[in-house]
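Right, one structure below, let's go through it.
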Amino acid sequence: MSDPSDAVGAGARVADAAETILVAGTASHVGKSTVVAGLCRRLAGAGTDVAPFKAQNMSNEARAVVRPEAVRGASPPGPSPEPNGPEADPHDPAFGEVGVSQYVQARAASVRPTTDHNPVLLKPRGGGESQLVLDGVAVGHYHSTAYYADRWDDARAAVEAAHDRLAAAHDVIVAEGAGSIAEINFHDRDLANVETARFADASILLVADIERGGVFASIVGTLALLPDDVRERVGGVVITKFRGDRSLLEPGIDEIESRTGVPVLDVLPYDDPGLPEEDSVSLPDPGERAVRGAGDGVPDDRTVTVAVPRLPRASNTADVDPLAAVPGVRVAFRPLDATLSDADAVVLTGTKNTVDDLRALREAGLHDRLCGFDGPIVGLCGGYQLLGRRLVDADVEGVGSETTREAVGGETLRGVGLLPVETAFSRRKRVAPATWDLDGAGPLAGASGSVAGYEIHGGKTRVATPADGSDDSANGGADVTASVAFPFTASDREPVTLGAARGAVLGSYLHGLFENDVVREAFVERVFARSGVSRPTAGGGDASTADPYDRAAALVEGIPLDGLLDSA
């Protein structure tokens, strides 16, 4: 299978050779990402050279992937990008960011994920502002009005070029739209839907979610609001998340097809193949609760609870999903002001804005509850930064003037103080896959070996000194004389820049930490030992061990493609 980064300039295919299916939606969260992943796996399994694509994504759930050679050697258009790592050429990093769904979809298609699969990524950070990532490289922070006024043309150019490269390297592209394709206030600047349909000459598969109710109205309304040239591209509709007897839908389907002339190609049952969620829509609102892992059939008295405080700007929350897949482990997302008294362990996830989320957890009193918690605590990426003594140059990371007003000396904020480290922020950003050596400590005591994952973070963490006259005890943290360990090592890095541990507390920059068997087992064993609960060997619920990509392919197996692809 050819690599998109090598095809351009090699004359392998002309750019318009590939056919494109655009999987668009009547709304957000209707199942577009799952349908795209399923079609990618289905087509790849049938021997088709297929690749996913999403022109513009808005998500704080990201992965580090390779940047194709075609975008190397030149900065993205516009102002200088934010450096992507201390070892990399800041204007030509080897790795970049894409939304997690495009990473998953590329894996489903059996192709190497690259930034071409998601050339524009917007990462919300609060206050109406997002970090703009073009071709994998962060180029600045923009409010929506400034983005559309100043950077939309740059974004569109990057999007069309990325699609051309993929089209030169593959036979079929399965593109994912964003939100609703019928947002008429955005039709003149809708990169992921209208623009993609046009420049890719795409056939459109419209996805509508019946679970929310009003599915027939949403189909008719969406089709009625499309520009005429885009409406003509719609080859069919798929209804998702259906529970019950399909025959009960037939009168409605007949009426829809009669009114619109567009066939309903399939009705997909309600099913979760187990793919990572694309964005925070799947998370509870900051003031609400949700539990993952409760379907394993383990009795409540044989379970443990890993509390995950719901940070307002949480990112990469899929890091805790491997824990929820362990029989007997309940991953409980809860508000910042909720108690930890019933928790057996705590995990602080990443955050797109460490400074403002530190302010939020302090206002909610979570700082004091963390300092009084005597079980295992793990902070991942931004969570690691939160657990330290200080955040330095906080005004670089935070949004708005309130950060400066509450800063110590105008630039430094006190952290939770459970780890004797501090993080200094700058415009530099590290994005890279990572493989480190682990010699376990704290919640990972006894674990050892090689661990793999990826890094996506701003700020550099170092061992803290009491330069401001404070110490952890004054800050509500543990005794500063307690020994600190650095459980992660890499040949070219200072250990503190990878992670640190003290007592029952550990922080690390490694996303995907719990995907490593040795880490997950050590942590889970410690949590069960701390709780006094005998660990169950297996669950008896509805959890499936089938490959999630294959489950997604099976879900979409009934969708006929002959009206969407000439080659089908």
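What are the pairs with Cβ atoms under 7 angstrom where one residue, in the range 533-554, is under 23 Å from T240 (Cβ atoms) and open to solvent by less than 60 Å² (accessible area, probe 1.4 Å) and the other, located anywhere, is at pLDDT 65 or above and among the aliphatic types (A, V, I, L, M)? Sequence gap at least six, or different chains.
Pairs found: P548/L275; Y549/A37; Y549/A108; A552/A37; A552/A108; A552/L275.
Name the residues in the range 463-515 that are open to solvent by less than 10 Å² (accessible area, probe 1.4 Å), part of a loop (DSSP other than H, G, I, E, B) and either modelled with pLDDT of 95 or more or touching a Leu at 6+ places or on another chain (Cβ under 6 Å) (or both), would you?
Scanning the range 463-515 gives P487, L498, Y509, L510, G512.
With buried (at least 16 other Cβ atoms within 10 Å of the Cβ) and either assigned to a strand (DSSP E or B) or touching a helix residue (DSSP H, G or I) at 6+ places or on another chain (Cβ under 9 Å) (or both) as the only criterion, which of G236, G252 stands out?
One residue alone meets the criteria, G236.
D344 versus (1) more than 27 Å from the chain's Cα centre (by Cα); (2) modelled with pLDDT of 95 or more; (3) more than 22 Å from A37 (Cβ to Cβ): which is the lone unmet condition?
The number of the failed condition is (1).
Considering A106, A161, A155, A168, which residue is assigned to a helix (DSSP H, G or I), at pLDDT 95 or above and open to solvent by 30 Å² or more (accessible area, probe 1.4 Å)?
A161
Enumerate the pairs (first residue in the range 288-302 and under 18 Å from P335 (Cβ atoms) and among the small types (G, A, S); second residue anywhere and open to solvent by less than 40 Å² (accessible area, probe 1.4 Å) and modelled with pLDDT of 90 or more) with beta-carbon separation below 6 Å, excluding pairs fewer than 6 apart on the same chain, so at least 6 apart or on different chains.
Sorted first by the residue in the range 288-302, then by its partner, the pairs are A290/F333.
Test of understanding: among R212, R189, which residue is within 30 Å of G252 (Cα to Cα), open to solvent by 50 Å² or more (accessible area, probe 1.4 Å) and not in a helix (DSSP H, G or I)?
R212
Within the range 255-271, can you find the residues that are assigned to a helix (DSSP H, G or I) and charged (D, E, K, R)?
Selection gives E255, E257, R259.
Just to be sure, is D356 in contact with a Gly (Cβ under 7 Å, 6 or more places away or on another chain), outside any loop (DSSP other than H, G, I, E, B) and either charged (D, E, K, R) or modelled with pLDDT of 95 or more (or both)?
Judged against the criteria, D356 is a match.
When both residues are 6+ apart or on different chains and their Cβ atoms are under 8 Å apart, which pairs have a first residue that lies in the range 217-245 and is closer than 16 Å to V194 by Cβ, and a second that is in a helix (DSSP H, G or I) and open to solvent by 50 Å² or more (accessible area, probe 1.4 Å)?
Final answer for the pair search is L223/R231; L225/I184; D229/R198; V230/R198.
Can you report the number of residues in the range 35-54 which are surrounded by 24 or more Cβ atoms within 10 Å (Cβ to Cβ) and touching a strand residue (DSSP E or B) at 6+ places or on another chain (Cβ under 8 Å)?
11
Among the numbered criteria (1) at pLDDT 95 or above; (2) within 23 Å of L513 (Cα to Cα); (3) part of a helix (DSSP H, G or I), which single criterion is violated by D321?
Here D321 clears every test but (1).
List pairs: first in the range 373-397 and at positive phi, second open to solvent by less than 30 Å² (accessible area, probe 1.4 Å), Cβ under 7 Å, 6+ apart or cross-chain?
Listed pairs, sorted by first residue: C381/N316; C381/G350; C381/H457; C381/Y509; C381/H511; D393/A424; D393/F425.
For residues in the range 336-379 being closer than 16 Å to L283 by Cβ and among the small types (G, A, S), which is surrounded by the most Cβ atoms within 10 Å (Cβ to Cβ)?
Here the answer is G350.
Take the range 171-186 and flag every residue that is under 23 Å from the mean Cα position of the chain (by Cα) and part of a strand (DSSP E or B).
I173, V174, A175, E176
Based on what the data block shows, is G458 assigned to a strand (DSSP E or B), in contact with a Lys or Arg (Cβ under 8 Å, 6 or more places away or on another chain) and crowded, with 22+ Cβ neighbours inside 10 Å?
Taking the combined requirement at face value, the residue satisfies it.
The values are calculated or read from the model by the stated rules, or taken from the named source; none is laboratory data. All values reported here derive from a predicted model rather than from experimental measurement. Note: ideal-geometry Cβ built from the backbone for every residue, glycine included; neighbour counts use all protein chains shown. Heads up: the accessible areas ignore ligands, DNA and RNA and are worked out on the full protein's heavy atoms, side chains in. Shrake-Rupley method; radii C 1.70, N 1.55, O 1.52, S 1.80 Å.
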